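Chemist: To start, I am sharing the structure in question, which I have written as structure tokens.
No lab work stands behind these numbers, since they all come straight from the coordinates. Predicted model only: the values in this text are computed from it and were never measured. With ideal geometry, Cβ positions are generated from the backbone for all residues, glycine too; neighbour counts draw on all protein chains shown.
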Amino acid sequence: MKVDRNLSARVEATVHGFITGLKTAFGPGNRVSLISYSVLVVVLIVQIYPLLWLLGSSFKPTQEIFGSVSIIPREFTVRGYIRGWLGIGNYVFGRYIYNTLLMVLPTIAGSMASSAVVAFGFARFNFRGRRLLFALMISTLMLPNTVLIVPRYLLFRMLGWLDTYWTFIVPAWTASYPFFIFLMVQFYRGLPRELDESARIDGCNSFQVLSRIIVPLSRAAILACGLFQFVWRWNDFFNVLVYINSVEKYPVALALRLTIDVGANVQWNNVIAMSVVAIVPPALMYAFTQRYFVEGVATTGLKG
Amino acid sequence: MNRAQRYHNMGYVYLIPWIVGFLVFQLFPLGYSLVLSFYKYPLLGEPTFVGVRNYVKMFTTDPNFMQSVRVTFLYVVLVVPTKIIFALMVALLSNMSVRGVGLFRMLFYLPSIFGSSVAISILWRSMFLKRGLVNSLLSLLGVPAFPWLTSTSLALPVVASLQVWQFGSSMVIFLAGLKQIPTDYYDSARIDGANPWQMLLRVTLPLLTPMIFFNVVMQTILAFQDFTAPFIVTNRGGPLHATYVLGIHIYNHAFTYFNMGYGSGLSWMLFLVIMFFTALIFRSSRRWVHYES
Amino acid sequence: MRNGRTLLQRLIVVVLLATFTLVGWAGGKSEEEAEAAEEQVSVRFSWWGGQGRHEATLEALDLFMEENPGIDVEAEYGGWDGYRERLFTQLAGGTNPHLMQIDQPWLSDIWAQGQDLLVDLNDRPEVDVSRFDEQFLQNFATIDDTLLGLPTGVNAWTFIVNVDFFEQHGLDIQEEWDYQTLLDYGRRVNQANPDHYLLALVPAHMNSMFRHYMRQVSGGSVFNEDGSLAFEREQLVGFFELLRSLYENNVVPPRAEAELYVEGQDWELPVWAEGRAGMISDWISFMPSYIDFAEFNLDVARFAVADNAKVDAVEIRPVQVYSVKANASEAQISASAKLINFLLNDPEAALVQGTQRGIPASKTAAQALIEEGAVPKVTSRALELAERGSFPPASPYLTNAQIHDAYADAVQRVAFGQDAETVADDLIAQFRQLAGELDFD
């Protein structure tokens, strides 16, 4: 599979580079590199250790989890996974994953589509008021979600969308996440205008320019939008807490919270096992596509 | 209208989804919440006009408002500088390390992928319990256990640490910025006899200031609104409101007591505070941000 | 670039599939209305509780559905945390379940904001209301002559006693307590063994202690009918100083040891579970868990009464009530009412559910349990002791959520060591301000 080969090649290259770097660092006369490497490694360990501990603890029985520092369980068990999977609310944990996907996938479709389209409008056309509208759009980047939540809640109540996923999907399709428009605009700026012009000379209308020229060249950026939005929606807690009320519609974030209720029996090994399950999808997504994340972030941070 | 102008006016059409979204989901709610803030509106009842009473209440009779403002400020001050300094430091170090930058970058960014999600907040809570990971580690070093989650002075740093742990996203931006710096700058500096430290101060940092600026603004705006970590790690802002950020206070009033009017007022206060500080940062940016002309 | 294309294509396919599924599923929801018109009725039933209660209730539901094949009950259950918010949001949006377990104190908040949300159960022939104590219904479940819900069980606040502990320390188990005795015994216990405490006290219990003390000294409701305060400042200060002295004299464990949310459930609190505490206070509805969990002998005692109490009483109240959604089809309301009748009045259902919701409020159900010997001795004894004196019904001000949070905060501050007089003054100011805003007429 193409993806696999490239991924393993890349991993090999980075590890190889890492080792070469280590050799360079630990080589003669390279004190600065040595120090910087050590510091980096220490910070890295501190960063990653909690995640490793989480993973290891998910395979430990509850009594062993606390009081111990080790990642490797002394008594290996999958009881946490089994009981956690079966025993939250009235539903199997898979149901909550299903719910989250049901909520997230149409949302990222909406974000990818609307951002590509709207950004096209901002980036490739000169019309009166474009600068003003663009500045307006950028300023909404800094509009805090908290000030919008109460009226949005009331609006959604009026529309009958409370306790449904429309509260996420419709705003996505109407490009209400300005970060992605911004990302796409920055990306489009890197595409030469000549492409548009030659297409128009060939007789294309604007939509054909978009669909035949721009979008095919922008797959990576569009994908980056989808990936970011996936991770953000998957991890979202505040918005789902406010809009989603019935347990049968709970996404993973809310279901996980049920497990640490004061009123529930906090079985830590179940909780930790399900927490691991909860972070697996974003982790997997990242593992296979990390280049897009990094480049996506870089694209927005650089120009402008 | 000639053909070119007609073509360019098509731009409006492509903006339509955004215009709809902007009007319905951003502008209208913004205005509506301002209007609501002048009303008393219990969710199951009818709204009644009360003028500025909500705002007066915030500063006089609401004991938890001032506390939450204090906590939020403290939180932002703890999180933003620490996170950015860490991100900058690690980015610089990674960049210096010749090879292996890719691996470091990938691993340091990983925590940001998980974000301040419920799962990670649960992890944090379990780590800082009396017999949790952190105290166990300390006991190995012979240090006595700390009451991380039940102490009014330790709880907020614990919650802040979760945010700082995710410095990866800022770091990536710095790394990208570092790569962008043309090597000629370094070459000419070296010719002038500058040592690495001077190169850092005179070349790297000034050229990085746009990234620093971007990160400071975005991180500040996000930190002011942070909700999940304080909510989950210390169970709704305890102990004794030590981690009771404004986001939680707003949530309590709007969605626990269902005082929609007062909740809106509180959220506008937060908005104003964020705007004020963002404007401050923008103002100050003229003095310290260098854009390549 | 190739990776991007394959991944993007796959992503688009998945997204399209999901979107169609979502549309189909969302569309399918409107069939709920069509269902009601046919033979099959589907009702949603929500409750909170622990694992024991969930299992018992589900069993009872299975029984019900067997006997009523035309009714399908969808269970929605979870923990306590967030239940109230969920319920109120659902009430506001009209998406609440047809049968809801509601904490009795919330009824006046709900009523204050909408009188047409809950069905008047007096009007439902499916439910036999006569099996319940009239006064109980009047005091707790009726507002303006509308019977808003039926109590599931009778709850009482009590001391739960570790018999072995008292024997160990050579102390007599008091049947009734006052705070002087508490202090006295507490001092002796802790002096004999610094790791031992007379009373295990967690934040939630402190709130109950506050309420009991203030209700006792204020004559019943802490607030008057118009929302003004029914107590003197000195009385409030008195309570806070009493609370401080409990801590200072080590009658109760240091605050840090009792952080409930950090450890688990009340009966799992290490101080109690390890046998280092003589007593703990809690509702009798939790007795099954205490009994299951304790490795020592249990008894009960009547909760403490303040020295200058005007009313010598301990809280008795419904464990919770079941209410029916008013804005639903006749078939659904009827089915919900039938379900209430089954869960609360049917002897078989009573046996299945046991005392997971306290001692049943319905006389038939209680009878069935007593005959089977299914009511633990300690539970009925605790109720007996509590019944020696009763409070008048709680004022809606007292049960309001914001008022509750105000005094919960104040109690916490005192527990953390803040000055009793300052905290008392702040709380009085807050009570006045909140009572001014709330609207209970």
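Chemist: Which residue fluctuates most in the GNM of chain B (Cα springs below 10 Å): B:80, B:143, B:118?
Modeler: B:143
Chemist: Next up: Expressed as a rounded percentage, what relative contact order does segment B:54-288 have, with Cα pairs under 8 Å and six or more residues apart?
Modeler: Once divided by the residue count of segment B:54-288, the mean separation gives 29 percent.
Chemist: Okay, next question. Suppose we look only past 24 Å in the calculated P(r) of segment A:93-303. What percent of the Cα-Cα pairs does that tail hold?
Modeler: The share of Cα pairs beyond 24 Å in segment A:93-303 comes to 50 percent.
Chemist: With θ set to phi - 60°, apply the Karplus curve 6.51 cos²θ - 1.76 cosθ + 1.60 along segment C:410-418 and write out the HN-Hα couplings as whole Hz, x wherever there is a Gly or Pro.
Modeler: Each residue's phi maps through the Karplus curve to give 4, 4, 4, 4, 5, 4, 7, x, 6 Hz.
Chemist: I would also like to ask the following. If I build a Gaussian network model for chain C, linking alpha-carbon pairs within less than 10 angstrom, which residue out of C:223, C:239, C:88 has the largest mean-square fluctuation?
Modeler: Looking only at C:223, C:239, C:88, the biggest GNM fluctuation is shown by C:88.
Chemist: Could you compute the FRET efficiency for residue A:72 and residue B:35, with r as their C-beta to C-beta distance and R0 at 51 Å, rounded to 0.05?
Modeler: Result of the calculation: an efficiency of 0.30.
Chemist: Continuing with this model, one more query. Most mobile of C:406, C:365, C:415 per a Gaussian network model of chain C (Cα springs, under 10 Å)?
Modeler: Greatest mean-square fluctuation among the candidates belongs to C:406.
Chemist: Could you pull out the trypsin sites (Lys or Arg not before Pro) across segment A:62-93 that fall in loop regions by DSSP (anything but H, G, I, E, B) with no more than 12 other Cβ atoms inside 10 Å?
Modeler: Passing sites in segment A:62-93 are A:74.
Chemist: Would you mind classifying segment B:134-293 by shape? Square roots of the alpha carbon gyration tensor eigenvalues, ordered a ≥ b ≥ c; an a/c under 1.5 is rounded, otherwise it is prolate if a/b is larger than b/c and oblate if not.
Modeler: oblate
Chemist: Ok, one more. Suppose we look only past 16 Å in the calculated P(r) of segment B:60-101. What percent of the Cα-Cα pairs does that tail hold?
Modeler: 58
Chemist: Okay, moving on. Where Lys and Arg each count +1 and Asp and Glu each count -1, what net charge lies around residue C:139 among other residues with Cβ under 13 Å from its Cβ?
Modeler: -2
Chemist: Then there's this: Among the listed pairs A:60/B:83; B:40/C:325; B:83/B:179; A:249/C:363, which are separated by more than 31 Å between their Cα atoms?
Modeler: Beyond 31 Å: A:60/B:83; A:249/C:363.
Chemist: What size of dipole, in debye to the nearest 20, comes out for chain C about its Cα centre when the only charges are +1 on Lys and Arg C-beta atoms and -1 on Asp and Glu C-beta atoms?
Modeler: With only Lys, Arg, Asp and Glu charged at Cβ, the dipole is about 1080 debye.
Chemist: What does the extension gain come out to for residue B:27 and residue B:73, with contour length at 0.36 nm per residue minus their alpha carbon separation?
Modeler: 13.9 nm
Chemist: Still on this structure, please answer the following. So for chain B, Kirkwood radius off the Cα pairs, Stokes-Einstein at 20 °C and 1.002 mPa s: how many µm² s⁻¹?
Modeler: Translational diffusion coefficient: 96 µm²/s.
Chemist: Right, something else. Suppose every K and R has +1 on its Cβ and every D and E has -1 on its Cβ; what is the size of the dipole of the protein assembly as shown about the Cα centre, in Debye to the nearest 20?
Modeler: 7420
Chemist: Output ³J(HN,Hα) for segment C:269-275: one whole-Hz value per residue in order, computed from phi by the Karplus curve 6.51 cos²θ - 1.76 cosθ + 1.60 with θ = phi - 60°, and x for Gly and Pro.
Modeler: Karplus values, whole Hz, x for Gly and Pro: 3, x, 4, 6, 4, 7, x.
Chemist: Let me ask something additional. Pop out the ³J(HN,Hα) list for segment B:5-22 in order, Karplus 6.51 cos²θ - 1.76 cosθ + 1.60 with θ = phi - 60°, rounded to Hz; leave Gly and Pro as x.
Modeler: Using θ = phi - 60°, the values come out as 4, 4, 4, 5, 5, 4, x, 4, 4, 5, 7, 3, x, 5, 4, 4, x, 4 Hz.
Chemist: Which cross-chain or sequence-distant (5 or more) residues have an amide H under 5 Å from the amide H of residue C:42, H modelled 1.01 Å from N in plane?
Modeler: HN-HN under 5 Å from residue C:42: C:72.
Chemist: Looking at the square roots a ≥ b ≥ c of the eigenvalues of the Cα gyration tensor of segment B:75-164, which shape do they give, rounded for a/c under 1.5, prolate if a/b is larger than b/c, or oblate?
Modeler: prolate
Chemist: Give me the distance in nm between label points sitting 7 Å out from Cα along the Cα-to-Cβ direction at residue C:372 and residue C:416, one decimal.
Modeler: 4.7
Chemist: Moving on. Given H placed on each backbone N at 1.01 Å, which residues far from residue C:143 in sequence or on other chains put an amide H within less than 5 Å of it?
Modeler: Answer set, sorted by chain and number: C:148.
Chemist: Would you pull out the residues with amide H under 5 Å of residue C:117's amide H, same chain only if 5 or more places away, H placed 1.01 Å from N?
Modeler: Distant-sequence amide H within range of residue C:117: zero hits.
Chemist: Now, a different point. Give a quick list of trypsin sites (Lys or Arg not before Pro) in segment B:119-181 that DSSP marks as loop, anything other than H, G, I, E or B, with at most 16 other Cβ atoms within 10 Å.
Modeler: Counting only loop positions with at most 16 other Cβ atoms within 10 Å, the trypsin sites (Lys or Arg not before Pro) in segment B:119-181 are B:131.
Chemist: Helix C:83-93 versus the longest principal axis of chain C: what angle, 0 to 90°, nearest 10, using Cα atoms?
Modeler: 40
Chemist: Which translational diffusion coefficient, to the nearest whole µm²/s, is obtained for the protein assembly as shown from the Stokes-Einstein equation, given a Kirkwood hydrodynamic radius over C-alpha pairs, 37 °C and 0.692 mPa s?
Modeler: The estimated diffusion coefficient comes to 105 µm²/s.
Chemist: Next question. R0 = 56 Å: FRET efficiency of residue B:20 with residue C:66, Cβ-based, nearest 0.05?
Modeler: Taking R0 as 56 Å, the efficiency between residue B:20 and residue C:66 is 0.60.
Chemist: Residue C:172 to residue A:189: FRET efficiency via 1/(1 + (r/R0)^6), r the Cβ-Cβ distance, R0 60 Å, to the nearest 0.05?
Modeler: Once rounded, the FRET efficiency stands at 0.10.
Chemist: Would you mind calculating the gained length between residue C:248 and residue C:163 on full extension (0.36 nm times residue separation, minus the Cα-Cα distance), in nm to one decimal?
Modeler: 28.1 nm
Chemist: Taking the mean number of other Cβ atoms within 10 Å as a proxy for protection, how do you rank B:181-193, B:83-95, B:237-249 from highest to lowest?
Modeler: Order by mean packing, descending: B:237-249, B:83-95, B:181-193.
Chemist: Among A:92, C:161, A:290, flag the residue with its Cα farthest along the positive direction of the charge dipole of the protein assembly as shown, charges on Cβ as +1 for Lys/Arg and -1 for Asp/Glu.
Modeler: A:290
Chemist: Using the scaling law 2.2 N^0.38 Å as the reference, what is the normalised Cα Rg of segment C:288-358?
Modeler: This ratio for segment C:288-358 stands at 1.68.
Chemist: If you don't mind, there's one more thing I want to ask. I'd like the antiparallel share, as a percent to the nearest 5, of DSSP beta bridges with both residues in the protein assembly as shown.
Modeler: Percentage antiparallel, nearest 5: 65.
Chemist: Between residue C:226 and residue C:51, what is the spin-label point distance in nm, taking each point 7 Å from the Cα along the Cα→C-beta axis?
Modeler: About 5.4 nm, to one decimal.
Chemist: If you don't mind, there's one more thing I want to ask. Could I have the simple spin-label model distance between residue C:295 and residue C:145, label points 7 Å from Cα toward Cβ, reported in nm to one decimal?
Modeler: 5.9
Chemist: For residue B:130, list the aspartates and glutamates whose Cα falls under 12 Å from its own Cα; do not include residues on the same chain fewer than 8 positions away.
Modeler: Output for residue B:130: C:257, C:259, C:263.
Chemist: Next question, about the same structure. Which one, C:394, C:301, C:318, is farthest towards the positive end of the dipole of segment C:288-441 when Lys and Arg carry +1 and Asp and Glu -1 on their Cβ?
Modeler: C:318
Chemist: Per DSSP helix of 4 or more residues, -39500 (n - 2.57); summed, then divided by the residues of chain B. What does that give at 222 nm, rounded to the nearest 500?
Modeler: -21500 deg cm²/dmol
Chemist: In whole percent, what relative contact order does segment A:93-303 give with Cα contacts below 8 Å and a gap of six or more residues?
Modeler: This gives 33 percent for segment A:93-303.
Chemist: Other chains' Cβ within 10 Å of A:231-237 residues: what's the mean?
Modeler: 5
Chemist: In percent, what relative contact order does chain C have, based on Cα pairs under 8 Å that are 6 or more apart in sequence?
Modeler: Relative contact order for chain C comes out at 25 percent.
Chemist: Then there is this: Determine the dipole magnitude for chain B: charges of +1 sit on the beta-carbon of Lys and Arg, -1 on that of Asp and Glu, nothing else is charged, the reference point is the Cα centre, and the result goes in debye to the nearest 20.
Modeler: The dipole magnitude comes to about 80 debye.
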